[in-house]
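The values are calculated or read from the model by the stated rules, or taken from the named source; none is laboratory data. Predicted, not measured: the structure shown is a model, and the values here were computed from it. We place every Cβ from the backbone using ideal geometry, glycine too, and count neighbours over all the protein chains shown. Heads up: the accessible areas ignore ligands, DNA and RNA and are worked out on the full protein's heavy atoms, side chains in. Shrake-Rupley method; radii C 1.70, N 1.55, O 1.52, S 1.80 Å.
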Amino acid sequence: MRLTLTTAPDATPVDLVSAKVHCRVEHDDDDTFIESLIGAAAQHIERILGRAVMPQEWLLELTAWQDAVVLPVEPVRSVVVTYTDAAGDPQTLDAESYSLSAWPSMATEWRFVSGALRPELNDEVYPVRVAIEAGYVDADAVPEDLKVAVQMLVAHWYQHREAVASGSVTEVPMGVSALIAPYRRLV
């Protein structure tokens, strides 16, 4: 199994104006720096959660057909399954032959429907490819607590620009952990 990000998010869940208000920054001198912090904070939260926040596309490659596959990224918006057939030709699996199932707080599972035929595969290393569109539709659809968590990280990193400092330093502010906890993937 191999997972690759094929299309990175082209937007962030928090805009520059909101982040600056949260950081209490009233000048434009650090705009570029704050924008980079917004992107880094969103990515950091995605890594912690195992979730996609903003729209993005992933490619999951499999060595063979599986009865069921727990998709490694959430929330899943759509899936297209392609494969290389025995003759070496690329094919798209009929969407009627598989289903997606997801329960609140659980990972989405892709599986063949009962009685569906599994096409014969080529002997290449990864003949099955699952293209996954994941993430919330846009920044407006991102839950408010995830946006606040991004803003808190941006403010923390804006104020503490070094990895190490004298005194008590925390890697992730405790409030961020509390805000994102309900979104952790349960596999």
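Only residues that are open to solvent by 70 Å² or more (accessible area, probe 1.4 Å), at pLDDT 95 or above and of a type in the set (A, V, I, L, M) were counted across region 83-124, and they come to 1. Taking the condition of a type in the set (Val, Ile, Thr) and more than 17 Å from His156 (Cα to Cα), does Val53 pass? Considered against the rule, which asks whether it is of a type in the set (Val, Ile, Thr) and more than 17 Å from His156 (Cα to Cα), Val53 comes out as yes. The set of residues from region 128-138 being of a type in the set (A, V, I, L, M) and either part of a loop (DSSP other than H, G, I, E, B) or surrounded by fewer than 18 Cβ atoms within 10 Å (Cβ to Cβ) (or both) comprises Ala131, Val137.
Across region 12-21, which residue is farthest from the chain's Cα centre (by Cα) among those that are open to solvent by 50 Å² or more (accessible area, probe 1.4 Å) and under 25 Å from Pro75 (Cβ atoms)? Ranking the qualifying residues of region 12-21, first place goes to Asp15.
Each row is one residue, and each column tells you yes or no for (1) within 30 Å of Val150 (Cα to Cα); (2) under 13 Å from the mean Cα position of the chain (by Cα); (3) in a helix (DSSP H, G or I); (4) among the small types (Gly, Ala, Ser).
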residue: Val25; (1), (2), (3), (4): yes, no, no, no
residue: Ile34; (1), (2), (3), (4): yes, no, yes, no
residue: His44; (1), (2), (3), (4): yes, yes, yes, no
residue: Gln66; (1), (2), (3), (4): no, no, no, no
residue: Thr84; (1), (2), (3), (4): no, no, no, no
residue: Pro119; (1), (2), (3), (4): no, no, no, no
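Checking the structure you have, find out if any residue of region 49-58 is open to solvent by 40 Å² or more (accessible area, probe 1.4 Å) and polar (S, T, N, Q). The answer is no, given that none of the residues of region 49-58 is open to solvent by 40 Å² or more (accessible area, probe 1.4 Å) and polar (S, T, N, Q).
In the condition set (1) open to solvent by 60 Å² or more (accessible area, probe 1.4 Å); (2) touching a Phe, Trp or Tyr at 6+ places or on another chain (Cβ under 8 Å); (3) not in a loop (DSSP other than H, G, I, E, B), Val80 is compliant with all but (2). Here Glu35 passes the criteria (1) at pLDDT below 95; (2) farther than 30 Å from Leu117 by Cα; (3) among the charged types (D, E, K, R) except the one numbered (1).
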